[in-house]
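Have a look at the structure below, then the notes.
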Amino acid sequence: MEKYYVVKFSGPFGFIKPWTAVRDSETFSQQFLTPSIVEGIEKKLFPELLGEVGIKKILRHRLSYTQVSQQQEVIQTRGWNSTKKGKQFLFERPTAILMRGVLLEPVLYLAFSSKEEAEVAFTQHICLCRNEDILMPDEMIVVNKDQFDTEEDFNGYELIFEHTEEAFQVGYNRLSNEPMFGRLHIVGTPVKSF
């Protein structure tokens, strides 16, 4: 029976929801992780993979949380506006307020095929979409592949990275600009009750 070496990451703080910076003011954005986000987490844990394309070591993942908190954030545009006042040029960067969804009390499980890979992951923190969204390793669990899909142990959202009839497009890979596809797999109750 194939085994998974699962590392549980958690934290008592907020975790910015994927894509929330650009989508929450228009639509309720996703709670699952796209292939490029999982690949970014993997490259943070295993920097020796930086030159390679694709996910090599993280076999599966699962994300759950207690609730989504809508928070306001002031942002500035990337470019500068210039106006001429007399002989002087004035430069300004306009500001705006956006709503940012934050996942509270997140739990993320990452499954690896070897104990050595899981031990490397267990010695580090991870980030989801921005550097301040840090989760720390909590425990390492060894389970059979089938046990990873049991409701009582590993609740959460998981995007199965495949391009089948059940899959849908989840965005574009930020490095290759290729479309990313997946099938949403929900185990148990991803939104935990208090």
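The values are calculated or read from the model by the stated rules, or taken from the named source; none is laboratory data. As the structure is a prediction and not an experimental result, all values here were calculated from the model. Here the Cβ is made from the backbone with ideal geometry for all residues, glycine too, and neighbour counts use every protein chain on show.
Arg100 satisfies every condition listed in (1) closer than 15 Å to Gly11 by Cα; (2) of a type outside the set (Gly, Ala, Ser); (3) in contact with a Ser or Thr (Cβ under 8 Å, 6 or more places away or on another chain) except (1).
Within the bounds of the stretch 158-165, is there any residue that is part of a strand (DSSP E or B), among the charged types (D, E, K, R), touching a strand residue (DSSP E or B) at 6+ places or on another chain (Cβ under 9 Å) and under 15 Å from Glu39 (Cα atoms)? Within the stretch 158-165, one or more residues are part of a strand (DSSP E or B), among the charged types (D, E, K, R), touching a strand residue (DSSP E or B) at 6+ places or on another chain (Cβ under 9 Å) and under 15 Å from Glu39 (Cα atoms).
Of everything in the stretch 97-115 that's modelled with pLDDT of 90 or more and surrounded by 14 or more Cβ atoms within 10 Å (Cβ to Cβ), which residue is farthest from Phe154 (Cα to Cα)? Even if it seems obvious, please write down each step before you answer.
Of the residues in the stretch 97-115, the ones modelled with pLDDT of 90 or more are 107-115.
Within this subset, residues satisfying the condition of being surrounded by 14 or more Cβ atoms within 10 Å (Cβ to Cβ) are 107-113.
Values: Val107: 9, Leu108: 9, Tyr109: 8, Leu110: 10, Ala111: 11, Phe112: 15, Ser113: 17 Å.
Ranking the qualifying residues of the stretch 97-115, first place goes to Ser113.
Arg174: in contact with a Ser or Thr (Cβ under 7 Å, 6 or more places away or on another chain), charged (D, E, K, R), in a loop (DSSP other than H, G, I, E, B) and touching a residue at least 12 places away in the same chain (Cβ under 8 Å), yes or no? Yes, satisfied. Flag: Glu139 does not match the condition of being closer than 23 Å to Val7 by Cα, acidic (Asp, Glu) and surrounded by 15 or more Cβ atoms within 10 Å (Cβ to Cβ). Screening Arg62 with (1) modelled with pLDDT of 85 or more; (2) touching a Cys at 6+ places or on another chain (Cβ under 9 Å); (3) not aromatic (Phe, Trp, Tyr) gives one miss only, at (2).
Per-residue answers, yes or no, for (1) more than 19 Å from Glu158 (Cα to Cα); (2) surrounded by 17 or more Cβ atoms within 10 Å (Cβ to Cβ); (3) among the aliphatic types (A, V, I, L, M); (4) free of Cβ contacts under 8 Å to residues at least 40 places away in the same chain:
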| position | (1), (2), (3), (4) |
| --- | --- |
| His61 | no, yes, no, no |
| Val74 | yes, no, yes, yes |
| Gly79 | yes, no, no, yes |
| Lys85 | yes, no, no, yes |
| Glu92 | yes, no, no, yes |
| Glu117 | yes, yes, no, no |
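Taking the stated definitions as given, is Ser69 at pLDDT below 90, among the polar types (S, T, N, Q) and outside any loop (DSSP other than H, G, I, E, B)? It is true that Ser69 is at pLDDT below 90, among the polar types (S, T, N, Q) and outside any loop (DSSP other than H, G, I, E, B).
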